[in-house]
Amino acid sequence: MKEVKTYCFQCYNGPDPFKMIVEDGIVRHIEPDFDCAGISPGEGRVCVKAYGLVQKMYNPNRIKTPLIRTNPKKGKNEDPRFREATWDEALELVAEKLREIRKKGLLDEKGYPRLAVSMGEAGSPAGYGGTFPAFLSAWGPIDFTLGGGEGSKCYHAEHLYGELWHRAFIVASDTPRNRWTLSFGHNTNASAGVSGAMRHADARERGYKRIQAEPHLSVSAVTSDEWIPIKTKTDAPFMYAMINVILHEMAWEKVCDIDFIKKRTNSPYLIGPRGYYLRDIETGEVLVWDSVEGASKIYNDPSIKDFALTGKYRVRAKERGPDGEEWIYDEAECRPAFQLLLEHMRAYTPEWASEVCDVPASTIRRIAREMIENASIGAEIEICGEKIPLRPVAITLGKTISNGPGGYQACWARTILAMLTGSLEVAGGSVGASQRLNRPHHDRWSSIWPGEDGFFQNFLNPTDPERRANLPKTRSHYTELVPLVGNTGWSPFLSPVPHAWLWFSQSPENWEKPTYPDVWIIYRTNPNMSMYYTDLMEETTKEFPFIVSIGYTLDETNWYADVILPEHTDLEGLQLFRVGPSTHSEAYWQEYGFALRQPGTAPPYNTMDMTELSTELAIRTGILKEYNEAINAGIILGIRLQGRGYNYMLNPDRRYSIEEIWDRLCRASVRLLTNGKEERDLEWFKQNGYFTVVYPFIRHFLHPVMVKWGLRYEIPYQGRLKIIGEELKRRLEDKGIKWWEEQLKEYEALPRCEDFSQKWDESVRALGLDPDEYPFYMVNTRSMQYAWGSNASLPIMAEMAKYVTGFGGIVINASVAEKLGIEDGDTVVVESPVKKKTCRAIVREGIRPDTVLVTGQFGNWAVPFAKDLKIPSLNEFMYPDQRLFDAGGSSADIVKVKVYKITID
Amino acid sequence: MKRYAMVVDLKKCLGCQTCTISCKLFHGLGPDIVRVKVIEQEEGEFPHVERMFIPLRCMHCDDPECLKACPTGATKKRTDGIVIVDQDECMGCRYCAVVCPYQARTFIAVDRRYFPGNGNLWEAKRYTEHQTGTMQKCDFCYKRIDEGISRGLEPGIAPEATPMCVISCIGKALYFGDLNDPESKVSRLIKQRNGFRLKEELGTEPSVYFLPRR
Amino acid sequence: MIRTERQLYIFQKDWTGNGERGIRDQMLMPAIFFGAVSPGLFLSSVIFDYIPGLWLSITLNFVGYGLTHLLYLGRMERFWRGLANIRTSWISRGLLFNILFSITSLLYTLSATFTIPVLNVSGVNTTLKIAGIISAILFAAYPGFMLSFVKAIPFWRSLLEPALFFLQAIMAGTAIHILSFAFTKSGYGNTDILTGINFILMLTVLLLIMTALVMKSLHGEAERVSVRHLTIGGLSTYFLGGALFAGLVVPIFALSLIFAFGLDLQRFEILLYSLMVFELTGVYLCKYSIIRAGVYTPALKSRISI
Ligand SMILES: Nc1nc2c(c(=O)[nH]1)N[C@H]1C(S)=C(S)[C@@H](COP(=O)(O)OP(=O)(O)OC[C@H]3O[C@@H](n4cnc5c(=O)[nH]c(N)nc54)[C@H](O)[C@@H]3O)O[C@H]1N2
Ligand SMILES: Nc1nc2c(c(=O)[nH]1)N[C@H]1C(S)=C(S)[C@@H](COP(=O)(O)OP(=O)(O)OC[C@H]3O[C@@H](n4cnc5c(=O)[nH]c(N)nc54)[C@H](O)[C@@H]3O)O[C@H]1N2
Ligand code: SF4
Ligand code: SF4
Ligand code: SF4
Ligand code: SF4
Ligand code: SF4
Ligand SMILES: [Mo]
């Protein structure tokens, strides 16, 4: 018996280290790795999905050897007739197509990259791709925007605004110190991985309070103290009303964190008549009002005695608007941003919200008061010897809350509530997890640099005509349409991906129809299942000239592939990966460093390690030199092979084995962590699993670095967004584009709120149908047992999932079901405006009468085993509707449906 | 004398099924054969609904119904309180499964595989560990515990001497230890948090305690 | 609420089999049925000195009960181990009773049929007879005890259960006794008295079942769930329609008419035999539904959240 250390990164909450127990030539079972108990937030344990990896490895339905398509006709009903091939033959076929591209030019006639690569699973391919990033980097321009459901269906607004305000990809709570959490559909018990689940379990034991607001009683509501059955997509109105209660029913001057509001936010910034920051005429710096001296001053003037938050003032100043336009006033009438906030929020009373959310006004009032009461304003706590505020209240948002219509408003209101309680990026409060649009990904502190107007720097896509002219082209056109998403490595994944797909068949007015990529490589994503409008998606992928899938089983997307290259799975491949200090989610590590993923035994099938696959592709396409150089330069995990006192550089012209490459990366990684002092080789990593160094926990909170640089969060007033929005509007008007107008309205300095749930009724109406005919909001929920649809082919996961109600059918409220004559287990018809399908009814009490629920991401018709489950997918019921996109191009997993009992006639 | 016991914190269990799968993998159990099952209960009417998860495994009763019911003597109780089934003696009558108030037992009817018709190296090797036509149930991983003890480790403290489900639980909702030791974590938790047992009125004297949700 | 109930109350499934082992999984019900008919018929035959009945009883015991039961076991080659725990296990006891019954009934039947020197000594003969009767009674009643000692399933837990199983056994015994006249006319003259006994037994059994249902539905929630399942739920066709109506009410009614009008039973042979078939089917369905209706109390009932 032998123990082999490795990690799981099947979902973005990892990596979570564990041990394989290898005996008798098989990976016998899996055990936690308690050696990292004090290091990782999961304390060395792994979740149910990780135990499924053994079945994943030995799954006889895997693709066991390279496959080449023999049926040239593509279609859902066309059997691809894959034939088995040797690795040499399959790789050569792919390489030939790639070499053709290099001959013709990397960009096509219209300027789109000829090679498109899609990776999904919310970034987890990074934990499996080996040196694939080096191949991609060596290649040159690639279009990454033909994605699956990740990004645009993910926590989208949360990602974009999270980076803007929190410098974070996802905003979590500092659970170990938290006392009160209000979660709007943040489905911790299903989606927050080992770390989230464990931290919240510990907090429950300690006695924190958690309130779950959600249309159904989810697995996370099970362990919450209170469930608020809020109507779908009315989370923002609920929070607006909470703000209204605090600002207009409570003595906000007394109960809010005034010090924080004045010093860490733009609340005191004076706003001019045109709605822009009011600026000093000479320096152009933003002005505030010193209420003690009764004069305007530049915001960071050390002589300021006190910042005015309210009132109306007259100041000699200027305003700067879009495209650098300026207005100079002798006496500008102006108000602090906070004053505008007060006025803005007046209309959003609990009574108004009560109607919208279907929650009693008294509940909203109570929740608002509870938040204030638990905020412990003034309290401090010591972390790593440093005193920081302790504000143990937090609000978390789930993905459907933070994408599509209302996503911006929800994120904004959540941040306002954090501002009012001073719980933004401090102990116990709302704390961001690692960033993705900004660099470096793994350390938020190092990315915080003073930018304009006292805020930290953000790198957005340009909205000025000059810089826009030279933007690289991708099929989702994110650089032109979504300034907030920026243009770094992750940006294409968070771009308005649906656009790319929709526009192949029909592009909107005055907008160019994109070209198909000459070669499309898909790796760990299944767009035809995870994207919306799956029927349309299939029609599109069918047309692609050449599709290469680096795959695991047959799925709904690689059904259309020309070649499938099977890779080593989780327990078979070799590579190094970053662990800590935080991932995309509530996973805050005590240490950080690198962990090794390594094979337990010899792989049972003829599959290939991603590093070898990448090297092969590099050689066969003639870019070995660039590939090796990319590795040398640190494209893999930011580990440069050369540094002070060490040089492990690869000879660019030589082919290296998997072990050689990772041995060097292992050594360099430890040098990187120890400032060049220490070195560990691959052998060491194989024995010990990971090498980590202490990460000062204080760095998980932005507060100290904000204080250090004297920075403010750009909250509540979105001065910059307002300008960007107007500039974007001008640019699009110049091109005669009208179809983005709804989205442009979102660029408001103080966002207006409405009943966003109505948008789905409007959408039905726009199709000429009666919304009352479609009385249910169909929503989706995750399950701990599944990582998207990626482990849907494993029967053992289905067995585990079936113990949790909701799996395998559509959940409907008991009294509604009774009215419709539906009994638990009945076969019912679910019908959206575009799709009709039968499925099994699961009758429960814990769901709103106007909601039906599907669990997980199924609907498969190609994936072995999963296709026999006959579980519907929300995606197939959806249809494209521009009005359901937000300004980031994301949309929510919601569709209106009717449900009725099947009648045999 | 030891009396091994488990404590399940209902406040912490999130129904993730990690315990179930880790046990299955560790013990090499085939499709639908589980030794710990996390059941779900929903009570009340919308909007006043209570939903909860309850991990159920053999309660290692001090006065086990199964032991009394088992005609063959295949079901045995060890001196440390662990109730086990000797597969070599079981005749597969299933009376024990019926009489168990906690639905803790599963019958291996046939040698069923997850992938019918297909070869699978793992299944071929692991499923030989059990006999079809006999009864399966949680045995508190007694072999693991015994082996741990023989290496001088303390069950419930050293992972190597603690049941698989306990060390894998991601809600840290499971505890293991000696009930007869008033200082053990399990004893203390039961006292501090009013640990209770399921269906105590039946007089089975289970060794699995539950900590209340509220 | 119905949904909630379904989640809370789990039905016993181990004895109804999930069909994985095909027909073998279904063998328990025939075993239980013939385990009642066989000793019932034995008793009835002993009383009326009905040799064909004795032989039929033995056949039903060995084939109907023994063989089916063996097939039902997961490991039938180990059936002998079942004797290991007579001290506490009702299955062990059942096995013992069955063995005793098998031996004594066989020997007694042999002695009654043939002239076998050793057996036909009067003391031995009487001993065999008494031992046969006692073991038949024990054997007939043991499944009732087996159920009534299941603490986990409240619906089964009462002494009505053994009483019912025992009475049903004799009832079924007399029924099959009468039915056997369709094939042999020996002992045919006892039809009237047998029918009378059968009638009384049916009334008693009906009364017993009704009492049990009322008592159970007054008792606890789990019992109520079982009762509901039998009367208005998924088992109502089997139980209400089959076991009670077709199996008891119809024969009782028909026989009452015959008795009331003083009609000659012999003239309604076909009707009588049909009624017996009804009755036997009723007995089968009754046992089947009772076993299926076994429901566990909820693992944990919170109501006021735990
Ligand atoms: N209905 C619905 N749709 C959704 C969502 C939802 O909640 N509901 N969520 C959305 C969100 S937030 C996201 S992030 C996306 C995610 O959606 P995707 O990124 O598309 O992820 P999956 O659908 O899991 O596809 C992963 C694919 O990888 C393959 N795979 C699995 N294991 C391996 C392996 O080891 N190697 C290789 N090469 N391939 C493997 C699987 O066969 C599967 O087809 O889905 C979105 N779509
Ligand atoms: N086990 C597991 N973990 C995962 C993943 C996985 O596939 N499996 N995927 C990862 C990824 S990529 C993502 S994006 C995250 C997603 O993580 P979450 O957003 O936490 O998870 P979901 O369950 O998709 O959605 C959250 C809940 O929102 C509810 N909901 C829907 N509409 C509304 C609404 O309008 N208002 C409110 N209040 N609630 C609503 C749904 O019912 C659902 O229960 O999970 C990550 N973690
Ligand atoms: S939470 Fe995600 S990364 Fe962690 S063990 Fe589970 S599947 Fe793997
Ligand atoms: S829980 Fe059931 S199987 Fe376990 S000892 Fe008690 S009665 Fe026996
Ligand atoms: S199935 Fe086996 S363990 Fe259970 S009572 Fe029968 S012989 Fe005993
Ligand atoms: S104690 Fe061992 S056998 Fe019992 S449920 Fe846990 S892991 Fe399985
Ligand atoms: S692993 Fe722990 S938290 Fe998960 S279901 Fe089992 S007992 Fe509950
Ligand atoms: Mo996602």
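Pulled fully out, how much extra length does the chain show between C:Val63 and C:Tyr188, if you take 0.36 nm times their separation in residues and subtract their Cα-Cα distance?
42.4 nm
Tell me the GluC sites (Glu not before Pro) within region A:563-600 that lie in a loop according to DSSP and have at most 15 other beta-carbon atoms within 10 Å.
Nothing satisfies the criteria.
Looking at the square roots a ≥ b ≥ c of the eigenvalues of the Cα gyration tensor of chain A, which shape do they give, rounded for a/c under 1.5, prolate if a/b is larger than b/c, or oblate?
Judged from the Cα gyration tensor, chain A comes out rounded (a/c under 1.5).
Assuming R0 = 25 Å, can you tell me the calculated FRET efficiency for the pair A:Val292 and A:Asp259, based on Cβ-Cβ distance, to the nearest 0.05? Intermediate results must be reported in sequence, preceding the final value.
Working: r = 15 Å, r/R0 = 0.61.
For A:Val292 and A:Asp259, the calculated efficiency is 0.95.
Excluding ligands and nucleic acids, what accessible area in Å² is computed for C:Val124 using a 1.4 Å probe, to the nearest 10?
Counting only protein heavy atoms, C:Val124 exposes about 60 Å² to solvent.
Note down the magnitude of the dipole of region A:758-901 about its Cα centre, charges +1 on Lys and Arg C-beta and -1 on Asp and Glu C-beta and zero elsewhere, to the nearest 20 debye.
Once rounded to the nearest 20, the dipole reads 260 debye.
So, counting K/R as plus one and D/E as minus one, what does the shell of residues with Cβ under 11 Å around A:Pro864 add up to?
Charge balance in the 11 Å sphere: 0.
Take every DSSP beta bridge with both residues inside the protein assembly as shown and express the antiparallel ones as a percent of the total, to the nearest 5.
70 percent
With springs only between Cα atoms under 10 Å apart, run a GNM on chain C and tell me which of C:Ser57, C:Ser122, C:Ser92 wobbles the most.
C:Ser122
Could you tell me which residue out of C:Leu230, C:Asn125, C:Val249 lies farthest along the dipole of chain C toward its positive end? Charges go on the beta carbon: Lys and Arg +1, Asp and Glu -1, centred on the Cα centre.
The residue sitting most towards the positive pole is C:Leu230.
For chain C, what does -39500 (n - 2.57) per DSSP helix run (n ≥ 4), summed and divided by total residues, give at 222 nm, in deg cm²/dmol to the nearest 500? Show your work: numbers first, answer last.
Working: 11 runs with 188 residues, N = 306.
Estimated from H runs of four or more residues: -20500 deg cm²/dmol.
How many nm is it between the label spots at A:Thr838 and B:Lys76, if each spot is 7 Å from the Cα in line with the beta carbon?
According to this spin-label approximation, the distance is 5.3 nm.
Based on the Cβ-Cβ distance of A:Ser446 and A:Met649, what FRET efficiency does E = 1/(1 + (r/R0)^6) give at R0 = 30 Å, to the nearest 0.05?
0.75
Is the shape of chain B rounded, prolate or oblate, going by the alpha carbon gyration tensor and its root eigenvalues a ≥ b ≥ c, with a/c under 1.5 for rounded and a/b larger than b/c for prolate?
On the way: a/c = 1.40, a/b = 1.23, b/c = 1.14.
Since a/c stays below 1.5, the shape of chain B is classed as rounded.
Taking the simple approach of a point 7 Å from Cα along Cα-to-Cβ for both A:Arg883 and A:Arg274, what is their distance in nm?
3.3 nm
For region C:163-196, which chymotrypsin sites (Phe, Trp or Tyr not before Pro) are both in a DSSP coil and crowded by at most 16 other Cβ atoms within 10 Å? Please report the intermediate quantities before stating the final value.
Details: sites: C:Phe165, C:Phe166, C:Phe181, C:Phe183, C:Tyr188; in loops: C:Phe181, C:Phe183.
Within region C:163-196, the qualifying chymotrypsin sites (Phe, Trp or Tyr not before Pro) (loop, at most 16 other Cβ atoms within 10 Å) are C:Phe183.
What's the local net charge at B:Arg51, with K and R +1, D and E -1, over the other residues with C-beta under 10 Å away? Could you put the intermediate results ahead of the total?
Details: positive: A:Arg844; negative: A:Glu845, B:Glu40, B:Glu42, B:Glu43, B:Glu50.
Around B:Arg51, the charge tally is -4.
Taking 0.36 nm per intervening residue step and subtracting the Cα-Cα distance, what contour gain separates A:Tyr605 from A:Lys625 on full extension?
4.1 nm
Per 0.36 nm of contour for each residue apart, how much would the distance between A:Trp709 and A:Glu23 grow if the chain were fully extended, relative to their Cα-Cα spacing?
Values: separation 686, 0.36 × 686 = 246.96 nm, distance 5.53 nm.
So the extension gain works out to 241.4 nm.
Run through the DSSP bridge list for region A:758-901 and note the antiparallel percent, rounded to the nearest 5. Write out the running numbers ahead of the final one.
On the way: 15 of 24 bridges.
Among the beta bridges of region A:758-901, antiparallel pairing accounts for roughly 60 percent.
What number comes out for accessible area per residue over chain B if the probe is 1.4 Å? Units Å², please.
Numbers: 6940 Å² over 214 residues.
On a per-residue basis, 32 Å².
Summarise the accessible area of region A:758-901 (1.4 Å probe, protein heavy atoms) by the percent that is carbon and sulfur.
Values: 2110 of 4380 Å².
Of all accessible area on region A:758-901, carbon and sulfur atoms account for 48 percent.
Could you go through region A:226-235 in sequence order and give the Karplus-derived ³J(HN,Hα) for each residue, using 6.51 cos²θ - 1.76 cosθ + 1.60 with θ = phi - 60°, rounded to whole Hz, and x for Gly and Pro?
8, 10, 9, x, 6, 6, 3, 6, 10, 5
Would you mind working out the accessible area per residue for chain A, using a 1.4 Å probe, and quoting it in Å²?
That works out to 31 Å² per residue.
In 20 Å bins starting at 0, how do the alpha-carbon pair distances of chain C split up by percent?
Once binned at 20 Å, the Cα pair distances of chain C give 32, 55, 12, 1.
Please report, for the Cα atoms of region A:18-155, the Rg to one decimal and the Dmax as a whole number; what are they, in angstrom?
When restricted to Cα atoms, region A:18-155 yields Rg and Dmax of 20.1, 57 Å.
So what does A:Leu869 come to for accessible area, using a 1.4 Å probe and Å² rounded to 10?
Its accessible surface works out to 50 Å², give or take rounding.
Please report, as a whole percent, how much of the solvent-accessible surface of region C:44-159 comes from carbon and sulfur atoms (probe radius 1.4 Å).
Result for region C:44-159: 76 percent of the exposed heavy-atom area is carbon or sulfur.
Once a ≥ b ≥ c are taken as the square roots of the eigenvalues of the Cα gyration tensor of region A:758-901, is the result rounded (a/c under 1.5), prolate (a/b larger than b/c) or oblate (a/b not larger than b/c)?
Verdict is oblate for region A:758-901.
In region B:161-195, which residues give up 50 Å² or more of accessible area once the other protein chains are added, compared with their chain alone (1.4 Å probe)?
B:Ile167, B:Ile170, B:Lys172
Quick check: the distance between the Cα centres of region A:410-436 and region C:114-168, to the nearest angstrom?
75 Å
Under the rule of -39500 (n - 2.57) per DSSP H run of 4 or more residues, summed and divided by the residues of chain A, what mean residue ellipticity at 222 nm is obtained, to the nearest 500 deg cm²/dmol?
Counting only the DSSP helices, I get -8000 deg cm²/dmol.
Taking only Cα atoms and a 10 Å spring cutoff, compute GNM fluctuations for chain B and point out the largest among B:Val166, B:Val49, B:Val83.
B:Val49
How about A:Lys262: which lysines have a C-alpha closer than 30 Å to its C-alpha, ignoring those fewer than 8 places off in the same chain?
A:Lys209, A:Lys254, A:Lys297, A:Lys305, A:Lys312, A:Lys318, A:Lys387, A:Lys708, A:Lys722, A:Lys745
Checking the cross-link filter: which lysines have an alpha carbon closer than 27 Å to that of C:Lys151, excluding same-chain neighbours under 8 positions apart?
Leaving aside lysines fewer than 8 places away in the same chain, those within reach of C:Lys151 are B:Lys37, B:Lys68, B:Lys76, B:Lys77, B:Lys137, B:Lys199, C:Lys13, C:Lys216, C:Lys287, C:Lys301.
For C:Leu70 and C:Ile134, FRET efficiency with R0 = 25 Å and r from the beta-carbon atoms, rounded to 0.05?
Using R0 = 25 Å, I get an efficiency of 0.55.
Roughly what % of Cα-Cα distances in region C:74-178 sit above 22 Å, to the whole percent?
Across region C:74-178, Cα pairs with separations above 22 Å total 44 percent.
Would you mind checking which residues have amide H under 5 Å from A:Ala862's amide H? H placed 1.01 Å from N; only 5 or more apart, or other chain.
Sorted by chain and number, the residues that satisfy this are A:Glu556.
The values are calculated or read from the model by the stated rules, or taken from the named source; none is laboratory data. Keep in mind the model is a prediction, meaning the values are calculated, not measured. A quick note on method: Cβ atoms are made from the backbone with ideal geometry, for glycine too, and the neighbour counts reach across all protein chains shown. Areas reflect the complete protein model, heavy atoms only, side chains present, ligands, DNA and RNA absent. Shrake-Rupley method; radii C 1.70, N 1.55, O 1.52, S 1.80 Å.
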